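Data block below; observations after.
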Amino acid sequence: MKDFEVLGHKDTRSGFGEGLAELGRTNENVVALCADLIGSLKMDTFQKENPDRFFQVGIAEANMMGLAAGMTIGGKIPYTGTFANFSTGRVYDQIRQSIAYSQKNVKICASHAGLTLGEDGATHQILEDIGMMKMLPNMTVVVPADFNQTKQATKAIADHFGPVYLRFGRPVMPIFVKDDAEFIIGKADVLTEGTDVTIIACGHLVWKSIEAAKELSAQGISVELINMHTIKPLDEGAILKSVGKTGCVVTAEEHMKHGGLGDSVAQVLAQHLPSPQEYVAVNDTFGESGTPMELMTKYGIDTANIVEAVHKAIARKKA
């Protein structure tokens, strides 16, 4: 297996902040709205450079979604910013009615997603948001893997007309995507080619899958690793081509087992290529306070869990 060069360590929310700042300098139609979390969302630079295009709405997320929907009527491209829990669970009705149903060109940008929000605990650690958002007609769902890819995705979604849910996080993680890599919505990145098992991951679990693939390679297991950064529209062709070769798959995500990336992959395989599949995801439970890495280990979404799932998937293929 090839070695991945670590280009540094940064949080994905900082990739969003840098991408938004660059958009502010190049696209005068981009506006930003924040629900009292400018520093947490890294929106400071955009605010300073574009005070006339930045709107601090306070702790009023539902109002923020309504404002953003209205701004699109005048040709603006609104980027809303708050925690993933408040970007979805708190405002689902407003997103459904005012944005998705109306096909408004709003970019819903959600930080601090999943367990790795860490010490803030279960009330803030939303693990259902991918499922909630992918079920909405007209909604595109993007979950980038590292700082560079989050920056690239932030800029790419400005050119995509229609509502987008962009999900990213808080913890500092390795950067492995090249800063000049092309980001194409709906097209998966095949990171390594292999013959024994396919691992399909998104978000922070892509790096954990890279670590797992290295361990598995040392055990003589050939892994095909796919960074599925777009959950909807899903790259079905990449899934079928890979699993058609390897014969089994493991999906890995920082999300509830029900309704996330794994279920999207399972749906494709059930219709076109029934194959053994194992899930690495949070299994029908809320989280708790703790450090990000402690929580990933406790709730079964760490490197060792991916390795274990691969062995189970391969065993089922051979049975």
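Derivation of every value follows stated rules applied to the coordinates shown; laboratory data play no part. What you see is a predicted model; the values in this text were computed from it and never measured. As a convention, Cβ positions derive from the backbone with ideal geometry for all residues, glycine included, and neighbour counts pool all protein chains shown.
Once you have a ≥ b ≥ c as the square roots of the Cα gyration tensor eigenvalues for segment 45-84, tell me rounded if a/c is under 1.5, and otherwise prolate or oblate according to whether a/b is larger than b/c.
Note, shape of segment 45-84 comes out oblate.
Counting pairs of alpha carbon atoms under 8 Å apart in space and at least six apart in sequence, what relative contact order in percent does segment 148-264 give? Walk me through the numbers on the way to the answer.
Values: 169 pairs, mean separation 33.8, N = 117.
About 29 percent, as a whole number.
Compute the distance from the alpha-carbon center of segment 24-38 to that of segment 191-254, in whole Å. Between the Cα centres of segment 24-38 and segment 191-254 lies a distance of 34 Å. Rounded to the nearest 10 degrees, the inclination of helix 61-72 to the longest alpha-carbon principal axis of the chain is 80 degrees.
Under 1.5 on a/c is rounded, so check that first for the chain, then, if it is not, pick prolate when a/b is larger than b/c and oblate when it is not; a ≥ b ≥ c are the square roots of the alpha carbon gyration tensor eigenvalues. Mind showing how you got there, number by number?
Working: a/c = 1.77, a/b = 1.72, b/c = 1.03.
Since a/c reaches 1.5 and a/b is larger than b/c, the shape of the chain is classed as prolate.
Could you check what % of the DSSP bridge pairs in the chain are antiparallel, to the nearest 5?
Details: 8 of 42 bridges.
Of those bridges, close to 20 percent are antiparallel.
Exceedance of the 27 Å cut-off in Cα-Cα distance is limited, within the set Lys42/Lys298; Lys155/Lys245; Lys155/Lys208; Lys155/Lys241, to Lys42/Lys298; Lys155/Lys245; Lys155/Lys241.
Normalised by the number of residues in the chain, the mean separation of alpha-carbon contacts (under 8 Å, six or more apart) gives a relative contact order of 18 percent.
To the nearest 10 degrees, how steeply does helix 205-218 sit against the main Cα axis of the chain, on a 0 to 90 scale? Its long axis makes an angle of about 20 degrees.
Rounded to the nearest 10 degrees, the inclination of helix 261-272 to the longest alpha-carbon principal axis of the chain is 60 degrees. For the pair Glu5 and Gln56, label points projected 7 Å from Cα toward Cβ lie 4.1 nm apart.
Can you give me the relative contact order of segment 9-174 as a percent, contacts being Cα pairs under 8 Å and 6 or more apart? Before the final figure, lay out the partial values.
Details: 346 pairs, mean separation 51.1, N = 166.
After rounding, I find 31 percent.
Take the Cβ atoms of Phe161 and Gln97, set R0 to 22 Å, and the FRET efficiency comes out at 0.70. Can you classify segment 189-314 as rounded, prolate or oblate using the Cα gyration tensor, where a ≥ b ≥ c are the square roots of its eigenvalues, rounded means a/c under 1.5, and otherwise it's prolate if a/b beats b/c and oblate if not? Since a/c reaches 1.5 but b/c is at least a/b, the shape of segment 189-314 is classed as oblate. The modelled label-to-label distance between Asp36 and Thr195, using points 7 Å beyond Cα along the C-beta direction, is 5.9 nm. Spin-label pair Ser289-Leu240: with each label point 7 Å from Cα along the Cα-Cβ axis, the two points sit 5.0 nm from one another.
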